[in-house]
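Here is the structure we will look at, set down as structure tokens.
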Amino acid sequence: MNERTGGRHNRAMVTILDPRSITDVDGADRTPGTDDVGSVELVRPASERVELIGTHLRAEGSVELGSFRRLSDYVNLLNGFFTIHDVTLMSRLGEPTRLAFDDLRVRLDEIGLVAQKTPQRYEPGDDVLVPKSRRRLVLMTTAHLIYGYAYLHSEASLTAFVDATDPPFVPMTNVRLRWLADRRLAGRYPFALVHRNHIISVATDVPTDGAAGESAVAGLTWGRAADLGW
């Protein structure tokens with residue numbers, strides 16, 4: 001256990017013996033007189049700053065996505081444990097404590113919400129443009145009230161979406177999190193993934209943007225599938 005002093009570097013330097021076995025790495029020319037040793041700069045996988053929130057757990061850290069471009073793809077394919085780095089344990093209201101760890105492995109069953117700290121930055125291709133209907137949901141877990149928006153295909157049933165078991169984490173945008181016991185605000189996030197196994201009740205007939213009687217068709221919007229967490 002230690003107090004965190006800074007984040008991880010995104011780049012690392014390695015030494016390669018006999019650089020003649022590689023050619024034009026990153027377009028760099030070899031320096032004369034260094035035929036036996038060479039250096040290559042390796043770029044670490046993309047990472048995201050997230051909060052892991054459970055009934056009694058709240059921790060902030062960085063997750064390395066590996067070959068995945070989206071947090072939702074990475075999380076929904078995990079099995080067993082979720083590993084984060086440069087970790088700070090948070091108080092009930094989201095304030096950082098003095099407890100910090102280099103790495104922390106959390107059992108997936110204990111995670112109710114994976115909240116992204118900053119908006120998603122990737123640029124999806126134009127060939128994945130999908131019409132989606134934005135639907136407001138209010139979810140309840142044993143400890144939290146979760147307000148946000150889910151995106152469904154225009155002909156999809158919201159009830160079937162809620163009752164499904166796959167993917168295990170439901171993507172939502174513009175998320176507001178409150179403690180169920182006293183309704184105190186716990187946090188706001190541009191994007192979050194809610195663990196289906198933690199959901200104990202759902203309010204499905206919540207008007208979008210507070211407009212009474214707004215239908216799913218009225219809330220139809222065109223968006224790239226990657227932007228909508230799918």
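Where a number appears in this text, it was derived from the coordinates with a stated rule and is not lab data. The model shown is predicted, which means the values in this text are computed figures rather than measured ones. When we count neighbours, we look across all protein chains shown, and the Cβ atoms used for this are built from the backbone with ideal geometry, even at glycine.
Within segment 143-208, the trypsin sites (Lys or Arg not before Pro) that combine a DSSP coil assignment with at most 15 other C-beta atoms in a 10 angstrom radius are Arg183, Arg184. The value for segment 60-106 of Rg(Cα) / (2.2 N^0.38 Å) is 1.27. For Gly112, the residues whose amide H sits under 5 Å from its own are Ile53, Gly54, Thr55, ignoring neighbours fewer than 5 places away on the same chain, with H placed 1.01 Å from N. Summarising the amide proton neighbourhood of Ser133: residues at separation of 5 or more, or on other chains, whose placed amide H is nearer than 5 Å comprise Leu152, His153, Ser154, Thr221.
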